[in-house]
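Engineer: Encoded as structure tokens, here's the structure I'll be asking about.
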Amino acid sequence: MATTATTATTPRVDSVGPGPENTRSPGPWRRGLVVAVFALLLGLVMLLHAQIPGVGGLGSLVETFLPWCWVLVPVLLLGALWRRSASAVVALLLPAVVWLSLFGGQAFGGRSEGAGDLMVVSHNVGAENPDPTGTARELADSGADVLALVEVSEQARGTYEKELAKTYPHHTVQGTVGLWSKLPLSGSSPVDTEQDVGPLGDAKPAEATLVGNRALRTTVTTEHGPVAVYVAHLGSVRVSPRAGFSTDTRDRNARALAAAIAAERNERVVLLGDLNGTTDDRALAGLTSRLTPAHDVAGSGFGFTWPSAFPVARIDHVLVRGVRPADAWVLPRTPSDHRAVATTLSVSDDS
């Protein structure tokens, strides 16, 4: 009897499991989407910082440290390279371009415009300064024609007056701010920065009163004509878990000072002092819309002044109108917690 050979066929089973040979990694445009999103958000924060709500001082806080956003760009770039993400690398172009447009000129430029004919220096000497004598001597050696000091304590005032008298025969002190000058002064008076000036210039009762006057106005007589000089120390910024980034006093002082400068009749104006905010801060818009930051025109680098040991923000300023900044720089550290700023101005030709 014939036997029929039966060939057993084993059905083919395709592998459907998640084995390594069948796993496909996302392409370079789909990898690192989280890094790409953070890059876009960083760029939008820099681009639209003026739209950030001011609740809890959030807007001022972001604008104070806006130049430091560059630190996040290389961090995100490392993340993009680690993930081999093309989308994240492309997304990083936004914060890089925005940062360069905002701060590239400051970061990479030395913009000195030559010699001026009036050198001014502004310094928050610090109420707790352990060596006012040494500080005064260092400032006198700076070569400044006009020297503005803020946060002059009652205890240290006599020391500054004594040490600076030989170099600066003319001076005025109004409360905790003072101006020493090699050139004659006239019309010196305090400036009330405690009145709460509304957006339309209407004065309102102040919510609080600082101890001692913190702003002054005087006229410096130069060989090219009079210059109105203001010295100011705006209210401090406070950070607390309850109030957040509290700027109420500083903002009120800034509005009052801006109103005083708006009413100034002299075309040549110089504002010196510690404004407790950077020129990117919206709270100082009333000042920066009327006056030009000297460092932005003639300085190099960011010109950070606070804290003196490792400065992270420029809150000490020289702002001008009707005079041309020729050079601007930060002086070496003194025993104060701030660094002094210096500017040479050309008074002979308006700009």
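Engineer: Taking Asn266 as meeting all but one of (1) under 17 Å from Val347 (Cβ atoms); (2) part of a strand (DSSP E or B), write down the number of the exception.
Structural biologist: (2)
Engineer: Listed residues Ala285, Ala309, Ala328, Ala342; which is surrounded by fewer than 18 Cβ atoms within 10 Å (Cβ to Cβ), in the same structural domain as Val150 (by TED's automatic domain parsing) and outside any loop (DSSP other than H, G, I, E, B)? If you could, list the steps in order and put the result at the bottom.
Structural biologist: Details: Ala309 fails: outside any loop (DSSP other than H, G, I, E, B); Ala328 fails: surrounded by fewer than 18 Cβ atoms within 10 Å (Cβ to Cβ); Ala342 fails: surrounded by fewer than 18 Cβ atoms within 10 Å (Cβ to Cβ).
Criteria check complete, one pass: Ala285.
Engineer: For the range 299-340, enumerate the residues that are farther than 26 Å from Arg217 by Cβ, over 16 Å from the mean Cα position of the chain (by Cα) and of a type in the set (Gly, Ala, Ser).
Structural biologist: Scanning the range 299-340 gives a single hit, Ala309.
Engineer: Going by what's in this entry, would Arg290 be described as in a loop (DSSP other than H, G, I, E, B), surrounded by 22 or more Cβ atoms within 10 Å (Cβ to Cβ) and of a type in the set (Lys, Arg)?
Structural biologist: Numbers: in a loop (DSSP other than H, G, I, E, B): yes; surrounded by 22 or more Cβ atoms within 10 Å (Cβ to Cβ): no; of a type in the set (Lys, Arg): yes.
In short, no.
Engineer: Just one of the numbered conditions (1) modelled with pLDDT under 95; (2) under 13 Å from the mean Cα position of the chain (by Cα) is not true of Ser240; which one?
Structural biologist: Checking Ser240 against (1) modelled with pLDDT under 95; (2) under 13 Å from the mean Cα position of the chain (by Cα), the one that fails is (2).
Engineer: If you scan the range 55-83, which residues turn out to be closer than 19 Å to Thr247 by Cβ and more than 17 Å from the chain's Cα centre (by Cα)?
Structural biologist: Taking the range 55-83 first, the residues closer than 19 Å to Thr247 by Cβ are 55-68.
Answer for the range 55-83, where residues must be closer than 19 Å to Thr247 by Cβ and more than 17 Å from the chain's Cα centre (by Cα): Val55, Gly56.
Engineer: Exactly one condition in (1) closer than 26 Å to Arg268 by Cβ; (2) in a loop (DSSP other than H, G, I, E, B) is false for Gln106; which is it?
Structural biologist: Result: Gln106 fails condition (2) only.
Engineer: For the range 136-187, list the strands (runs of 3 or more DSSP E) that sit wholly inside it and hold at least 2 residues that are basic (Lys, Arg), surrounded by fewer than 20 Cβ atoms within 10 Å (Cβ to Cβ) and in contact (Cβ under 8 Å) with a residue 40 or more places away in the chain; which are they? Lay out the reasoning, then the answer.
Structural biologist: Values: elements: 146-150, 170-174, 177-181.
By residue number, no strands (runs of 3 or more DSSP E) qualify.
Engineer: OK, next. May I ask you to say which residue of Asn266, Asn276 is surrounded by 20 or more Cβ atoms within 10 Å (Cβ to Cβ) and either in the same structural domain as Thr133 (by TED's automatic domain parsing) or among the small types (Gly, Ala, Ser) (or both)? Spell out the reasoning first.
Structural biologist: Values: Asn266 fails: surrounded by 20 or more Cβ atoms within 10 Å (Cβ to Cβ).
The conditions single out Asn276.
Engineer: Next question. Taking the stated definitions as given, is Val62 modelled with pLDDT of 95 or more and either in contact with a helix residue (DSSP H, G or I) (Cβ under 7 Å, 6 or more places away or on another chain) or surrounded by fewer than 17 Cβ atoms within 10 Å (Cβ to Cβ) (or both)? Show your work before the answer.
Structural biologist: Numbers: modelled with pLDDT of 95 or more: no; either in contact with a helix residue (DSSP H, G or I) (Cβ under 7 Å, 6 or more places away or on another chain) or surrounded by fewer than 17 Cβ atoms within 10 Å (Cβ to Cβ) (or both): yes.
Considered against the rule, which asks whether it is modelled with pLDDT of 95 or more and either in contact with a helix residue (DSSP H, G or I) (Cβ under 7 Å, 6 or more places away or on another chain) or surrounded by fewer than 17 Cβ atoms within 10 Å (Cβ to Cβ) (or both), Val62 comes out as no.
Engineer: Looking at (1) crowded, with 19+ Cβ neighbours inside 10 Å; (2) within 24 Å of the chain's Cα centre (by Cα); (3) not in a helix (DSSP H, G or I), which is the one condition that is false for Gly116?
Structural biologist: (2)
Engineer: Does Leu77 fit the bill of being of a type in the set (A, V, I, L, M), part of a helix (DSSP H, G or I), surrounded by 15 or more Cβ atoms within 10 Å (Cβ to Cβ) and without any contact (Cβ under 8 Å) to a residue 24 or more places away in the chain?
Structural biologist: Values: of a type in the set (A, V, I, L, M): yes; part of a helix (DSSP H, G or I): yes; surrounded by 15 or more Cβ atoms within 10 Å (Cβ to Cβ): yes; without any contact (Cβ under 8 Å) to a residue 24 or more places away in the chain: yes.
For Leu77, the condition - of a type in the set (A, V, I, L, M), part of a helix (DSSP H, G or I), surrounded by 15 or more Cβ atoms within 10 Å (Cβ to Cβ) and without any contact (Cβ under 8 Å) to a residue 24 or more places away in the chain - is met.
Engineer: Hey, can you tell me all the residues within the range 293-306 that are part of a loop (DSSP other than H, G, I, E, B) and of a type in the set (Ser, Thr, Tyr)? Spell out how you get there, then give the answer.
Structural biologist: To start, the set of residues in the range 293-306 that are part of a loop (DSSP other than H, G, I, E, B) comprises 301-305.
Within the range 293-306, just Thr305 meets the criteria.
The values are calculated or read from the model by the stated rules, or taken from the named source; none is laboratory data. Not measured: the values here are computed from a predicted model. Cβ coordinates were reconstructed from backbone atoms using ideal geometry, including for glycine residues, and neighbour counts include every protein chain displayed.
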